[in-house]
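The structure under discussion appears below in the form of structure tokens.
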Amino acid sequence: MTDGDATGAAIDVFGLEDRTFPPPALLAAAANVRDLSLYEEAERDPEAFWARQARELVTWQRDFDTVLEWDLPFAKWFVGGQLNISENCLDRHVAAGRGDRVAFHWEGEPGDTRTITYAELLADVQRFANVLKGLGVEKGDRVNIYMPMIPELPVAMLACARIGAPHSVVFGGFSAESLSDRINDAEAKVLVTADGGYRRGAPANLKGSADAACASSPSIEHVVVVRRTGEAVTMLEGRDHWWHDLMGAAGPTCPPEPLDSEHLLYLLYTSGTTAKPKGIMHTTGGYLTQVAFTHKNVFDLHDGDVYWCAADIGWVTGHSYIVYGPLANGATSVLYEGTPDTPGRDRWWDIIERYKVSILYCAPTAIRTFMKWGTAEPGKHDLSSLRVLGSVGEPINPEAWMWYREHIGGDQCPIVDTWWQTETGGIMISPLPGVTTTKPGSATFPLPGIGAEVVDDAGKAVDRGSGGYLTLTRPWPGMLRGIYGDPDRYRETYWSRFPGRYFAGDGAKLDDDGYLWLLGRVDDVMNVSGHRISTTEVESALVDHQEVAEAAVVGAKDETTGQAIVAFVTVKGGVATTRELGEELRHHVAHKIGPTARPKTVIFTDDLPKTRSGKIMRRLLRDVAEGRDLGDTTTLADPAVVEEIRRRAEAAPQDES
Ligand code: 7RM
């Protein structure tokens, strides 16, 4: 710890990690970014840097006149420019003779597969664009999409982009009520859905939820339904239409609509801390520039790569790094419908072996799950095609980082730990695999063109070796343009805490070498006897223990210390969860990072409450730890988990030492 007593530092920090990994020589020699000149160019003149990227990576129907109009907190990028994103993702690749290149190797959970080339994707997108037009969708009209991970999902998104109809994709796992709230906020005219999708070996119904949502969403005039599972569904005469019927009758060509750079591309809702979800707005030219730039350089994309982002398209990671970034760059991707343990716990490794995946992008929660399942599963497959590994969604603990590197990357692949948010649109802080020496658990540095700084409570940049709040110091092309229908909430949420800066809501520390370490949401920071301790560092110390697979810690009210640390711990397969192990873990944390960070209670659980994108919901764990009724659980992936944890918590021993 940097200071021995409660000094009022924004966040106290510990230094746990000193291993470093330089880029592999072979990869570095051929990498898209091989030296630091890109950082220097961007630092000299960020706007000129982004303008160059915009002109090199994006095809404009009309060139832009002004790079940036910045009226804090409202940004306009590439003003005067016109473009169409679906043309950038499809037509230009086909026109360049790459129509036969595979856009998606799609694999359904039951094992059915489809190979979709760029030419085929373009044909489907044009037809579906005509379908939407036929249903009365005009430029500017919102379209809701509620689908499983099937090829028709990117087709629907790109068709919307083609005609300038902003889409709002809602996770297939969300309830009818969540869907209805989002439809109503966007006042969408059309809903695109499916009868269902496959999860854990069985068809999961979607149309039933879509029907329930529509019952309280009067703006919906038409519902288009993809037949995926073949389960019986009710089709409402006049409102509901089968995808295949409409596609069969639709015209084959639909020219891409020229759209202003600032035309609304999509809304994506984040739940945040309050109940009413925020419709995050992303527009066209700046967003595409940033996702294309980051996808190409962070993953070091080359011809011949097979790229797999294992996120769901319903999450921003899927929007930016399954659909728009990879397609803009003409990449070949894997798209997988289902869960990682169906039919076996080696499903991902089987997919990587069969498609010779060279770039894998996934979440720490997945990696920790695989750690729990053991090394034998990846060991059954040839993973030697992999060359770059990515992580996103949460801080990745050094232990999980090392496991990913050794057991998935065969000690050969650089890991890019990418920090960003729905609001940022694209990756902001990340290594570049050909130039950055990485440290396990650090997202390293802001990318070229991005300004990030850790500040204290007063908004002053912290010194190396200290912790505080992560802020962004200048506008960036993919930034959110606001919260749909609520400019005041936009200003208040992101731009009021530190004047002139974007407040990300995350804690971070700057180490002695200037590396950034993300420490989790500041709402989750614990206060133990005046020490402000991040959840991430205590969790990393727990996961550092041999027998631990995953851990979540929260601060629960405590009469003596203000808050006491309660640890929820999942052990690796086959480990016995004894009282002695609990004791040992408490000592392990105290030994690794100091006695103030020692958990008061250790509760063993088989699982942790997570969102559908895999983020641990510490708010619910705090409710459990403080014996409260559960708050809003609508975004929870598996509601049964908290009840189980509650039972365990009631039985757990309390330690006073
Ligand atoms: C892409 C995404 C955003 C929040 C963000 C952080 C956390 C994401 C990392 C991370 C540490 C990372 N969008 N987060 N990536 N924390 N290291 N590499 O996740 O809007 O769903 O979430 O996720 O707290 O603020 S998101």
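The values are calculated or read from the model by the stated rules, or taken from the named source; none is laboratory data. Here the structure is a predicted model, which is why all the values come from computation and not from measurement. Cβ: placed from backbone, ideal geometry, glycine included. Neighbour counts: every protein chain shown.
Within the set Tyr361, Tyr324, the sole residue that is closer than 30 Å to Pro46 by Cβ, part of a helix (DSSP H, G or I), within 16 Å of the ligand (Cβ to nearest atom) and under 17 Å from the mean Cα position of the chain (by Cα) turns out to be Tyr324. Only a single item in (1) closer than 27 Å to Phe503 by Cα; (2) away from the ligand (no atom under 16 Å from the Cβ); (3) small (Gly, Ala, Ser) is not met by Gly409, and it is number (1).
You will find that of Ala123, Ala159, Ala119, Ala176, the residue that is surrounded by fewer than 21 Cβ atoms within 10 Å (Cβ to Cβ), hydrophobic (A, V, I, L, M, F, W, C) and in contact (Cβ under 8 Å) with a residue 60 or more places away in the chain is Ala123 and no other.
For first residues located in segment 382-404 and assigned to a loop (DSSP other than H, G, I, E, B), partners that are among the hydroxyl-bearing types (Ser, Thr, Tyr) and more than 13 Å from the ligand (Cβ to nearest atom) and lie 6+ apart or on another chain with Cβ distances below 7 Å form the pairs Ser385/Ser358; Leu386/Ser358; Arg387/Ser358.
Counting only residues that are more than 14 Å from Asp411 (Cβ to Cβ), surrounded by fewer than 17 Cβ atoms within 10 Å (Cβ to Cβ) and either under 26 Å from the mean Cα position of the chain (by Cα) or of a type outside the set (A, V, I, L, M, F, W, C) (or both), how many does segment 17-31 have? Looking only at that region, the number is 2.
Assess whether Leu335 counts as being part of a strand (DSSP E or B) and either of a type in the set (Asp, Glu) or within 16 Å of the ligand (Cβ to nearest atom) (or both). No; evaluated as a whole, the condition is false for this residue. Restricted to segment 565-597, and to residues that are within 31 Å of the chain's Cα centre (by Cα) and charged (D, E, K, R), which residue is farthest from Gln546 (Cα to Cα)? Among those that are within 31 Å of the chain's Cα centre (by Cα) and charged (D, E, K, R), it is Lys592.
Give the number of residues within segment 130-141 that are buried (at least 24 other Cβ atoms within 10 Å of the Cβ) and under 20 Å from Leu179 (Cβ atoms).
Total satisfying the criteria: 1.
The listed residues are Thr365, Thr375, and the only one of them that is within 26 Å of Lys439 (Cα to Cα) and modelled with pLDDT under 95 turns out to be Thr365.
For segment 554-577, indicate whether the set of residues that are within 15 Å of the ligand (Cβ to nearest atom), touching a helix residue (DSSP H, G or I) at 6+ places or on another chain (Cβ under 8 Å) and closer than 28 Å to Ala461 by Cβ is non-empty. Reasoning before the result, please.
Going through segment 554-577, the residues within 15 Å of the ligand (Cβ to nearest atom) turn out to be none.
Scanning segment 554-577 turns up no residue that is within 15 Å of the ligand (Cβ to nearest atom), touching a helix residue (DSSP H, G or I) at 6+ places or on another chain (Cβ under 8 Å) and closer than 28 Å to Ala461 by Cβ.
For segment 228-238, the candidate set comprises residues that are touching a residue at least 24 places away in the same chain (Cβ under 8 Å) and surrounded by 14 or more Cβ atoms within 10 Å (Cβ to Cβ); within that set, the residue that is nearest to Leu132 (Cα to Cα) is Arg228.
Here is a yes/no grid of residues against (1) free of Cβ contacts under 8 Å to residues at least 24 places away in the same chain; (2) within 19 Å of Val554 (Cα to Cα); (3) within 15 Å of the ligand (Cβ to nearest atom):
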| site | (1), (2), (3) |
| --- | --- |
| Asp463 | no, no, no |
| Tyr484 | no, no, no |
| Glu492 | yes, no, no |
| Leu510 | no, no, yes |
| Arg532 | no, yes, no |
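Within segment 439-458, the residues that satisfy the criterion of being assigned to a strand (DSSP E or B) and either within 21 Å of the chain's Cα centre (by Cα) or free of Cβ contacts under 8 Å to residues at least 24 places away in the same chain (or both) are Thr444, Pro446, Ala452. The C-beta contact set for segment 414-425 (first residue under 14 Å from Tyr287 (Cβ atoms), second residue near the ligand (Cβ under 7 Å from one of its atoms) and modelled with pLDDT of 95 or more, distance under 6 angstrom, 6+ apart or interchain) comprises Thr422/Val316. Is it the case that some residue within segment 288-305 is modelled with pLDDT of 95 or more, basic (Lys, Arg) and more than 16 Å from the ligand (Cβ to nearest atom)? Taking every residue of segment 288-305 in turn, at least one turns out to be modelled with pLDDT of 95 or more, basic (Lys, Arg) and more than 16 Å from the ligand (Cβ to nearest atom).
If you go through segment 489-534 and keep only what is outside any strand (DSSP E or B), of a type in the set (A, V, I, L, M) and closer than 17 Å to Gln421 by Cβ, you end up with just Val522. The residues on offer are Gly238, Gly201, Gly251, Gly230, and the sole one that is under 30 Å from Lys615 (Cβ atoms), of a type in the set (Gly, Ala, Ser) and away from the ligand (no atom under 16 Å from the Cβ) is Gly201.
In this structure, is Val554 in contact with a Leu (Cβ under 6 Å, 6 or more places away or on another chain), surrounded by 15 or more Cβ atoms within 10 Å (Cβ to Cβ) and of a type outside the set (Phe, Trp, Tyr)?
Values: in contact with a Leu (Cβ under 6 Å, 6 or more places away or on another chain): yes; surrounded by 15 or more Cβ atoms within 10 Å (Cβ to Cβ): yes; of a type outside the set (Phe, Trp, Tyr): yes.
So Val554 passes the test.
Checked against (1) within 16 Å of the ligand (Cβ to nearest atom); (2) in a loop (DSSP other than H, G, I, E, B), Gly468 meets all criteria but (2). The sole residue among Ala54, Ala48, Ala29 that is touching a Ser or Thr at 6+ places or on another chain (Cβ under 6 Å) and outside any strand (DSSP E or B) is Ala54. Residues that are touching a residue at least 12 places away in the same chain (Cβ under 8 Å), crowded, with 19+ Cβ neighbours inside 10 Å, closer than 30 Å to Trp243 by Cα and touching a Lys or Arg at 6+ places or on another chain (Cβ under 9 Å) do not occur anywhere in segment 53-67. Residues in segment 254-266 that are more than 15 Å from Val137 (Cβ to Cβ) and either polar (S, T, N, Q) or within 16 Å of the ligand (Cβ to nearest atom) (or both): Ser261 alone.
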